[in-house]
Amino acid sequence: MKLSKIGTMILAALVGLSAHVAQAFDCDTTMTQSGDWDTDGNWDGGTPTSSDNACIDTGVTATVASEDTDAICENLWIKSTAKIVVESPRTLSIVGTGTSELDDDIELQRGATLDLVNCPTIEGDGGKITGLSTGSGDPAVILADNDAILTGVGGTEGTSLVVEGYLDIQGRIDNNAFVVANDPQGALTLSDQNKLGSGMWIARNGATLSVGVLVSGSAGWEMIHDEDSKIHFHTANSTGLTGDFEITNGTLDIDVNVTTTGSLLFYSDEASHPRIEVASGKVAIFD
C-alpha cells in the first residue's frame, strides 16, 4: 500500500512517533544502482536533465566521474545512506528554485564544483557537503548566483545541513545551517561574493576559516576545540554582524575592521589558550 505524504504523517502520529518526511518533490528520475551519473541504465527514468527532479535512492552512490560530462538537475533529493561523489574537474549543477533535500552526503574532490544556479534552498536532515583535501590541486568550489539558502530540519549539526572541509565558497549564500572549517590540511574560504545568515560559522580540529568578504547577519561564530584553529578576517571589512562570538581556543585573527552587536565569550584556562590578534590601525568591536 502506498501512503501519501499526509497519510505517512498521520500514521506516525497514531503510533506515537515524530517523523520528518524528507521528500520535497516527486522524483522524475531515481538512481537505483551505484555507478556513473551519466549512465542511463542507472536511473529508472534516464539521466537527469535541467528540468528533472533527481533522486538518489537509499544506499546508492552516484559518481560524477572525471572522464564523464558534468551533471545537472532541477532539484535534488539524496536519501539516507546515499551519496554523490563529484570528481575533478566536473560540476554538479542544481538549477531549480525549489528545495533540495540532503539526508546524506555530497563529496566534492579537489577541483570539483557544486553550482547552485538559481538560489535554491538546500535543506539538510543530517546531510553534509564536504570538500575533500586528499590529492592535489585547488579546493572544491561552491558557486551561487544569488542567495542560495542553506538550512536544516533541526537545530543541531546532526539534524541540519553541514558544509565542511577544504572548500572555497565563492557564491552568495544565506547560511542558516552549519559551515565548519574542520580539515587542518586546507582552509574553508569565504570568497568572491558577500555572505549572510543566522546559522553558525565554526573552526575546529586545527583548521582555518578564512573570511575574505563582507559577512552580515546574526549567525554565531565558534572556535572552542583546538589551539591551532583559526578564524581569519581579511581583505574586506565585516561591519554588519549581529551574532555572538565564542572563542575558548585557537586564534581570532583580524586584519580588517570587524563590528558586531553580538557578545564575545572569551575564556582561557590551563588547558586552552585562545588569542585575539588585531592588525595595527584596525578596529574590532563587540557589544
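Quick notes
- For the chain, the Cys residues with no second cysteine's beta carbon closer than 4.7 Å are Cys73, Cys119.
- The magnitude of the dipole of segment 26-114, with charges of +1 and -1 set on the Cβ of Lys/Arg and Asp/Glu and taken from the Cα centre, is near 260 debye.
- Normalised by the number of residues in the chain, the mean separation of alpha-carbon contacts (under 8 Å, six or more apart) gives a relative contact order of 8 percent.
- Here segment 21-134 yields Rg over Rh of 0.92, to two decimals, using C-alpha coordinates and the Kirkwood radius.
- Unit charges at the beta carbon, dipole of the chain: most positive-side option, Trp201, Ile122, Gly240: Gly240
- Nearest-20 debye value, segment 37-286 charge dipole, Cβ charges on Lys, Arg, Asp, Glu: 700 debye
- Within segment 37-286, all pairs of alpha-carbon atoms sorted by distance into 10 Å bins from zero give the percentages 8, 32, 34, 17, 7, 1, 0.
- Annotation: the residues Cys73, Cys27, sorted from fewest to most other C-beta atoms within 10 Å of their own C-beta, follow the order Cys27, Cys73.
- Segment 176-276: GluC sites (Glu not before Pro) falling in loop per DSSP and having at most 13 other Cβ within 10 Å: Glu270
- Amide H within-cut-off set for Val163, under 5 Å, with H built and near neighbours excluded: Ile129, Phe178, Val179, Val180
No value in this document is a laboratory result; all are computed from the given coordinates. Given the structure is predicted, the values throughout are model-derived calculations rather than measurements. Counting neighbours? That spans all protein chains shown, and the Cβs are built from the backbone with ideal geometry, glycine included.
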